[in-house]
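Right, one structure below, let's go through it.
The values are calculated or read from the model by the stated rules, or taken from the named source; none is laboratory data. Because the structure is predicted, anything quoted here is derived from the model rather than measured. Cβ atoms come from the backbone with ideal geometry, glycine included; neighbour counts cover every protein chain shown.
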Amino acid sequence: MGTVTIGVSIAVPEPHGSLLQERRAGFGDAAAHGIPSHVTLLPPTEVEASALPAVEAHLTEVAAAGRPFPMRLSGTGTFRPLSPVVYVRVVEGVEACGRLQQRVRDASGPLARELQFPYHPHVTVAHGIDDEAMDRAFEELAGYEAEWSCTGFALAEQGPDGVWRKLRGYAFGSPVVPSQAARIDRGSLPAR
């Protein structure tokens, strides 16, 4: 059967997803049309095709234990000079994404792996293009804002053509999204 390259991510919903993908293409990133806008939970990972049922079972368990959470994007950041990436920043949902990606990569599961860099949730808008275009992406999207309720994630496979295609979506186990008031109340409690 051979190997397949998979990834796990949170999709940026419409209309934001298409807009960011179009902007990425407009900055000259040739990979833009093959990579829907997303927040990565598991970077591209090669697995045996025969392991996909175990991967899907694991992700079903991760999703069942998950709960919806608010996501908010605001402004831009960059990993340069370490990595040639400009991204839109995740400013709300960071901790929830961090916990979720740890569960996806759980050491006892089929997707256990080390990361090349510390986990930092973001939405890539320019990757591996010339510095002038990277600067333009950084500046033009500096005021970008979007928010939504994250209710699940997806498993995708990268085809031989380099295009990422969704294999399956996973909804979280509880439909309850914490209200803004509840988050504020919890945040104002004194530390113990």
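Annotations
- Residues satisfying the stated conditions in the stretch 76-97, i.e. farther than 25 Å from residue 128 by Cα and of a type in the set (Gly, Ala, Ser): 93, 96
- Checking the stated criteria, residue 149 turns out to be surrounded by 12 or more Cβ atoms within 10 Å (Cβ to Cβ), of a type in the set (S, T, N, Q) and either modelled with pLDDT of 95 or more or not in a loop (DSSP other than H, G, I, E, B) (or both).
- In the set (1) at negative phi; (2) modelled with pLDDT of 95 or more; (3) not hydrophobic (A, V, I, L, M, F, W, C), the condition left unmet by residue 75 is number (1).
- Test: residue 63 is surrounded by 16 or more Cβ atoms within 10 Å (Cβ to Cβ) and either at pLDDT 95 or above or within 25 Å of residue 104 (Cα to Cα) (or both): yes
- Applying the criterion of being among the charged types (D, E, K, R) and in a loop (DSSP other than H, G, I, E, B) to the residues of the stretch 8-38, the residue that is surrounded by the fewest Cβ atoms within 10 Å (Cβ to Cβ) is 14.
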